Amino acid sequence: MSPFHDDELSIDVSLARRLVDRAFPEYTGHELTPARDSGSSNALFRLGDDLLVRMPRQPGGGETIDKEARWLPFVGSHVTASVPTILGVGEPDLGYPERWAITRWLDGASATPPVPGVGTHAPLGFARGLARFVMELRAMSVPPEAADDETLRWYRGRPLGTLDDDFREAAAECRKLDLTIDIDEALRVWDRAVAASPAADERNCWFHGDLLAENLLVDDAGRLAGVLDFGGLGIGNPTVDLIVAWEVLDEEGRREFRRALDVDDATWTASRGWALLIALITFPYYGASMPRRCADRLAMAQAVISAA
């Protein structure tokens, strides 16, 4: 399998087959094949018709498997959209050093950014479904064990200003690339976003953390059907989840999404900064290995910069 990271673990179909057969012999008769779309955090394999094997690509990645195994049942009981069901977690074995998981396969087509003049999915229904998911996440209680779980605290729930150096470094790297993005304008949008974001924030809300096209499934009618990959699940300021509006919704859809969530001007401005940050850190790292991801992030950055 093509590597995405310098510290990529060695993973192939043979290893996945042997791990499954040793840890879960009840699935020995299920055919195992590489999934058509494999993520950057986990190598993915179809197991039979209705199961999926997820194997972390990097050392330490098993921590997110454990986080999902602990918190996805809680999330799944509070949201309307389908989320993965973890059926089992495998231990390190056969030289593979991380914990890995078997989940149920979720049906649906991958979401895509809007095409100007063509529209996207079912714009208003899709936007409302996304808003509902975000609201349901934010409405979830934070039990004491979640408040004490350090895996739920990471940079995407922190104030935007704490990431100023990271953004400027990414912008400098992107100047060296052949991108159709006005980096100077991106920096101006970023500065406005940081100014709009609180310098300190005690908000304690759940957020997905990576609410982007590749982690969204739509049904045949173009409505939100499922949400994938909760490795970025966190607690803190949930503004980062608004980036989904800038990548997968057109202007009409963004208006409906914002209205449904009752997002104020300052928070909406801050969401533009988050979207640009996520886009600009993608291009230098995944430019050669994940062209589709980069194309999606390019659409997101262009939507942010062109917004009034």
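The values are calculated or read from the model by the stated rules, or taken from the named source; none is laboratory data. As the structure is a prediction and not an experimental result, all values here were calculated from the model. Ideal geometry is used to build each Cβ from the backbone, glycine not excepted, and the neighbour counts take in all protein chains shown.
Observations, loosely collected:
- Residue within region 141-150 that is modelled with pLDDT of 95 or more, farther than 19 Å from Gly232 by Cβ and surrounded by 18 or more Cβ atoms within 10 Å (Cβ to Cβ) present: no
- Selected residue (criterion: surrounded by the fewest Cβ atoms within 10 Å (Cβ to Cβ)) from residues of region 11-23 that are touching a residue at least 60 places away in the same chain (Cβ under 8 Å) and under 15 Å from Phe45 (Cα atoms): Arg18
- Filtered by the rule that a residue be surrounded by 18 or more Cβ atoms within 10 Å (Cβ to Cβ) and more than 19 Å from Val263 (Cβ to Cβ), region 184-215 gives Ala186, Asp210, Ala213, Glu214, Asn215.
- Residue check for Val194: among the aliphatic types (A, V, I, L, M) and either in contact with a Cys (Cβ under 9 Å, 6 or more places away or on another chain) or under 15 Å from Tyr155 (Cβ atoms) (or both): yes
Each row is one residue, and each column tells you yes or no for (1) hydrophobic (A, V, I, L, M, F, W, C); (2) modelled with pLDDT under 95; (3) under 30 Å from Thr282 (Cβ atoms).
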site	(1), (2), (3)
His5	no, yes, yes
Ile11	yes, no, yes
Ser14	no, no, no
Pro25	no, no, no
Thr28	no, no, no
Thr33	no, no, yes
Asp37	no, yes, yes
Ser40	no, yes, yes
Phe45	yes, no, yes
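- Some residue of region 115-135 being of a type in the set (Ser, Thr, Tyr), out of contact with any Ser or Thr (no Cβ under 9 Å at 6 or more places or on another chain) and under 28 Å from Arg259 (Cα atoms): no
- Qualifying residue in region 106-116 (condition: over 17 Å from Val13 (Cα atoms), aliphatic (A, V, I, L, M), modelled with pLDDT under 95 and more than 17 Å from the chain's Cα centre (by Cα)): yes
- For Asn215: the one exception among (1) under 17 Å from Thr112 (Cα atoms); (2) modelled with pLDDT of 95 or more; (3) out of contact with any His (no Cβ under 8 Å at 6 or more places or on another chain): (3)
- Residue in region 56-79 that is touching a Lys or Arg at 6+ places or on another chain (Cβ under 8 Å), under 30 Å from Arg128 (Cβ atoms) and without any contact (Cβ under 8 Å) to a residue 60 or more places away in the chain present: no
- If only residues of region 163-201 that are without any contact (Cβ under 8 Å) to a residue 40 or more places away in the chain and within 23 Å of the chain's Cα centre (by Cα) are counted, the one that is nearest to Leu242 (Cα to Cα) is Asp164.
- Filter result for Asp241 (on the phi > 0 side of the Ramachandran plot and either without any contact (Cβ under 8 Å) to a residue 24 or more places away in the chain or in contact with a helix residue (DSSP H, G or I) (Cβ under 8 Å, 6 or more places away or on another chain) (or both)): no
- Residue check for Pro73: within 22 Å of Val218 (Cα to Cα) and under 19 Å from the mean Cα position of the chain (by Cα): yes
- Counted residues, region 25-49 - those being aromatic (Phe, Trp, Tyr) and within 28 Å of the chain's Cα centre (by Cα): 1
- Selection within region 248-270 - surrounded by 24 or more Cβ atoms within 10 Å (Cβ to Cβ) and at pLDDT 95 or above: Phe257, Ala270
- Qualifying positions in region 24-55 - free of Cβ contacts under 8 Å to residues at least 12 places away in the same chain and of a type in the set (D, E, K, R): Glu26, Arg36
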